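Student: For reference, the structure I am asking about is given below.
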Amino acid sequence: MEWSSWFRRSNNDAARNSNQQRQAQEENEREAELLGITHQLIDRVKSFTIDTFKNFPLQDEEAASSRATLSDEILAATSTTSTSANVQKDLSEWQERHAILVLSKVKELSQLRFKLCPGHLKEREFWRIYFTLVRNDIAEYELQAIRLAKLKRMAMGNEESSNTSEFEVEMAETKQAASSEPSNP
């Protein structure tokens, strides 16, 4: 094998890998944007401290629910599952995706969560406080995700109803053809 062909081939492989990495990075940036993880949000989240979470005033009903009895906790533990990133399932799908991505992008938040949960806060309380603190930063993104989900459901509903109506038309045509056939005695 010639050196020049080997060199060209390795340059082509390097360029292909570079393009794949760039595409993956662009995809991550698009997902982060859809999930409301902006530079502004990242800067805000980096400013959170342990005291931000410890001193956050939970509403009375939330505080009462956090003082669950042992049997309530056992029941909750068996009915609540967690994802691979250990983010509780009582979050919406959008919030769960946001939480996982923000934990991977903002190491300070991940460290705070590690220090606070479960010693000082339950996982559920941590995320409730987090989403309350960043509500103004992410509200428009979450609303957009809700709108897109509704549009997808509507599109799927329209597709199903059109498939059903096609099926009904075919059945009606078959019935009509069967009833118009002369009967043989």
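The values are calculated or read from the model by the stated rules, or taken from the named source; none is laboratory data. All values reported here derive from a predicted model rather than from experimental measurement. As a convention, Cβ positions derive from the backbone with ideal geometry for all residues, glycine included, and neighbour counts pool all protein chains shown. For the accessible areas, the whole protein counts, side chains as well, though only heavy atoms, and no ligand, DNA or RNA atoms are used. Shrake-Rupley method; radii C 1.70, N 1.55, O 1.52, S 1.80 Å.
Student: Could you give the distance between the Cα centres of region 85-136 and region 30-50, to the whole Å?
Tutor: Going from one Cα centre to the other spans 12 Å.
Student: For every other residue with a beta carbon closer than 12 angstrom to the beta carbon of E140, add +1 if it is Lys or Arg and -1 if Asp or Glu, then tell me the sum. Write down the numbers at each step before the final one.
Tutor: Details: positive: R135, R147; negative: E33, D137, E142.
Spelling it out: positives minus negatives among the neighbours equals -1.
Student: Could you check the spin-label model distance between M154 and S47? Points 7 Å from the Cα along Cα→Cβ, value in nm.
Tutor: Placing both labels 7 Å along Cα→Cβ, they lie 3.8 nm apart.
Student: Let me ask something additional. Excluding ligands and nucleic acids, what accessible area in Å² is computed for R22 using a 1.4 Å probe, to the nearest 10?
Tutor: The value for R22 is about 120 Å².
Student: Ok, one more. When each pair of different Cα atoms in region 111-150 is counted once in the 1/r mean, what is the Kirkwood radius in angstroms, to one decimal? Display every interim value, and only then the final one.
Tutor: Details: mean 1/r = 0.0871 Å⁻¹.
Averaging 1/r across every pair of different Cα atoms and inverting gives 11.5 Å.
Student: For the full complex of protein chains and a 1.4 angstrom probe, list W127, W94 by accessible area with the highest value first. Let's see the in-between values first.
Tutor: Numbers: W127 0, W94 25 Å².
The ranking, largest first, comes out as W94, W127.
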